[in-house]
Each structure stands twice: as C-alpha cells, then as structure tokens.
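Here's the structure, in structure tokens; my notes come after.
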C-alpha cells in the first residue's frame, strides 16, 4: 500500500515545479519575422507585445501589405512561444505529451 503522505509530497513537488515553469515561461521572449525581416514583432511568454520593428523601407508599402506583414510576424511569434512553452513543460512532464486541447498559457 502506498504511503499517502508520500503521494501528497509528490503532488506538492509537482505543483512547485509547475509554478517555477510558469515563471520561466513568462520570461521567454521571442521574435516573429515577416517580409524578410522588414517587420519584427517581439512577444513575451504571456503573449504580450513588447516591441515592434518596422524597417524604414517597408513604410513605402500600402496599408494592406503592412497589415498583412504585421499579422504574419505576430503569427510567427505566437508559434515560437508555443514551441518554447512546450519545451519548458516537457522538462517537468518527462516528455509525456499533454492532453489534446491543453492550452498553455494562451
């Protein structure tokens, strides 16, 4: 029979590791790129926009092209955050995949 106090201790350790991982994910910064680097969007691990770069030459483009490039750069950054967050989570799950539909943290 398993000692219940050991089970509780393991659960508490897992909870602490999850909190550490959440803090680690918040510190992630990624760069999303579009237009051959003419648009760059930087997001943190919470998915918040922290910086936007637009090359001077791209400002000559029409509004619709700029909008499309910004959306593409944002999508690229979001994809990179998900990958990095999954890498962080796999450290505590031992590489076991999370259930389908699990969203972290966005």
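Remarks
- For the range 41-59, residues that are under 27 Å from residue 85 (Cβ atoms), free of Cβ contacts under 8 Å to residues at least 40 places away in the same chain and surrounded by 14 or more Cβ atoms within 10 Å (Cβ to Cβ) total 6.
- Residues of the range 1-40 that are exposed (fewer than 15 other Cβ atoms within 10 Å of the Cβ), touching a residue at least 12 places away in the same chain (Cβ under 8 Å) and farther than 22 Å from residue 92 by Cα: 37 alone.
- Tabulated pairs, the range 71-93, first at positive phi and in contact (Cβ under 8 Å) with a residue 12 or more places away in the chain, second surrounded by 18 or more Cβ atoms within 10 Å (Cβ to Cβ) and assigned to a helix (DSSP H, G or I), C-beta under 9 angstrom, 6+ apart or interchain: none
All of the numbers you see were taken from the coordinates with simple rules; none came from a lab. Here the structure is a predicted model, which is why all the values come from computation and not from measurement. Using ideal geometry, Cβ is built from the backbone for each residue, glycine included, and neighbour counts are taken over all protein chains shown.
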